[in-house]
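> Structure incoming, see below.
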């Protein structure tokens, strides 16, 4: 299963109770648009995060789905001040081969309110270890 199929299953499962999702629209191989009753949401599927891949979408209701790699954690920490500007941003770090948990979800805006900036990288790495890193 690739990231696109995984995220569709994940979002359908999350939507079982609310029934908010109306449709999935494939925009490209790395982008989906989720048409919802409430508001549309853009999903970016990016295995290796970089600012040029996400910056044009950072103002939208956005979910970034990426692999649970140490380099993606570093990207998140290094670009934290940009990421926390979007109150609706969700980041899903996935390990498709994990035998236990296969993902962890980060909402940078909310996390920034409750976390200590001095231990941000250490805290994110600790959460990510529970899923297992993709190399």
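Nothing in this text is a laboratory measurement; each read-out follows from the coordinates by a stated rule. Just so it is clear, the structure is predicted and the values come from calculations on it, not from any experiment. Cβ atoms come from the backbone with ideal geometry, glycine included; neighbour counts cover every protein chain shown.
> Ranked by Cβ crowding within 10 angstrom, fewest neighbours first, how are 42, 119, 66 ordered? If you can, show how the numbers build up before the last one.
Numbers: 42 15, 119 10, 66 24.
Lowest count first: 119, 42, 66.
> Computed FRET efficiency, Cβ-Cβ of residue 129 and residue 60, R0 35 Å: what is it to the nearest 0.05? Don't skip to the answer; put the middle values down first.
Details: r = 30 Å, r/R0 = 0.86.
So the FRET efficiency works out to roughly 0.70.
> As I understand it, the value is the acute angle between the Cα axis of helix 3-14 and the longest principal axis of the Cα atoms of the chain; what does it come to in degrees, rounded to 10?
That works out to roughly 80 degrees.
> To the nearest 10 degrees, how steep is helix 120-129 against the longest Cα principal axis of the chain, on a 0 to 90 scale?
Its long axis makes an angle of about 60 degrees.
> Based on C-alpha coordinates, I'd like the Rg and Dmax of the chain, in Å.
Just the Cα atoms of the chain yield Rg and Dmax of 14.4, 41 Å.
> Given Cα pairs under 8 Å that are at least 6 residues apart, what percent is the relative contact order of the chain? Mind dumping the intermediate values first?
Details: 203 pairs, mean separation 23.8, N = 135.
Reported as a whole number, the value is 18 percent.
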